[in-house]
Amino acid sequence: MRLRLLVVTGLLVASCIPQQSQPSPAPTGRPTDARPRFELASYMYALQTKGKIRIGVLGKAPPFATSDPSGARGGFEIDLGRELAQAIFGPQRNPDAVIEWIAVDRTTAVSSLTTAQADVVLARLAVTPELAAAVDLSDPYFVTGERILIRSTNDEIKDLPDLDGKTVCVTQGTSVGDDVDEANAFAKTLALDTYASCLQALQKGQVDAIAADEPTLWDLSKQDQNTRLVGRRVTTERYAIGAKKSASNDREGFIGFLNSWLVTQIVIGTWGRLYEKDISPISQDRRSTPD
């Protein structure tokens, strides 16, 4: 909500500034790739001095992060990391030249920050009180959560209340079944071992819907294009950029910089452009803000 208010405020302020017609400036040749200037005590200046920013990312978590056998990386979080690098080092013909990609997973993402192996982590870090106690977190750059997937021909289920008396497939060993029960006490759940089993059950008409996190449902919908996501989120997760907590001011101004930079990316449309490039092909929707 805070981030949304900042974005709206920025747009309103921009719209209120009088626009005066100006003569077209004479061509001045190619723009220079000047580095942004930061306070000497800031962590951004320290990164410029080192000449690299180390960004922790997931290896295989489409559409947020992907890598091919050649080592080339792509995905929403990867592209966002490249934009961040350019905000610190200035425009780059090859942003990866100033980035050291650090491979992390769910078990190592936080420790890569606390042990100073990475400067930031863009790896689907879901904001929780426990995480916020361990590392510094930016405002959310992405908001997602659990939703439901149905057959495209199903006109009865449009939202959570329509699950009354319906059977929803969930996977064993997760809390999704409890989340569905809390969202609609009249829904029935069937726990199977894998999402592939849930998709087969949906295709055979053994269940009416599948409940899972949005990225999982995007993947299932890609596997069977006769399915679609509907309704509000059953739960909400907010992904934030992680950074090491400042000790003796060694991360001076860093989180404030990340938050200001993120707002700018949303206001100028970069966030929406990256969403359309990396996520829209499988989510089949468009967004211009994280929430």
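Per-structure values
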| item | result |
| --- | --- |
| Overall Cα dimensions of region 146-230 - principal axes, largest extent first, Å | 29, 29, 22 |
| Electrostatic dipole magnitude of region 146-230 [Cβ: Lys, Arg +1; Asp, Glu -1; Cα centre; debye, to 20] | 380 |
| Placed amide H near Glu252: partners under 5 Å, 5+ positions off or other chain | Tyr43 |
| Pairs of Lys in the chain closer than 26 Å at Cα, counting only those 8 or more apart or on different chains | 20 |
| HN-Hα J in Hz across region 137-152 - Karplus 6.51, -1.76, 1.60, θ = phi - 60°, x for Gly and Pro | 10, 6, 5, x, 9, 7, 10, 9, x, 7, 9, 10, 10, 10, 5, 4 |
| Gaussian network model of the chain, Cα within-10 Å springs - most flexible of Leu192, Leu274, Leu262 | Leu192 |
| Percentage relative contact order, the chain, counting C-alpha pairs under 8 Å, at least six apart | 24 |
| Sites excluded, GluC sites (Glu not before Pro) in DSSP loops with at most 13 other C-beta within 10 Å, longest stretch of the chain | 157-291 |
| Contact order normalised by residue count of region 146-230, Cα under 8 Å, 6+ apart, percent | 45 |
| Other-chain or far-sequence residues with amide H under 5 Å of Thr235's (modelled H) | Glu146 |
| Folded to 0 to 90 degrees: helix 76-89 orientation relative to the chain principal axis, Cα | 10 |
| 5 angstrom amide H check on Ile241, placed H, neighbours 5+ away | Ser138, Tyr141 |
| Calculated from backbone phi, Karplus (6.51, -1.76, 1.60) coupling profile of region 278-288 in Hz, x at Gly/Pro | 9, 10, 3, x, 10, 7, 6, 9, 10, 9, 10 |
| Gaussian network model of the chain, springs between alpha carbon atoms under 10 Å - residue of Leu80, Leu137, Leu163 with greatest fluctuation | Leu163 |
| Spread of Cα-to-Cα distances over 10 Å intervals beginning at zero, given as percent, for region 53-146 | 16, 49, 31, 4 |
| Counting DSSP beta bridges with both ends in the chain, the antiparallel % (nearest 5) | 55 |
| Residue among Ala103, Ala34, Ala240 with the largest mean-square fluctuation in a Gaussian network model of the chain, springs linking Cα atoms under 10 Å | Ala34 |
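Where a number appears in this text, it was derived from the coordinates with a stated rule and is not lab data. The structure displayed is predicted, hence computed values, not measured ones. Please note: Cβ atoms are built from the backbone with ideal geometry, for glycine as well, and neighbour counts cover all protein chains shown.
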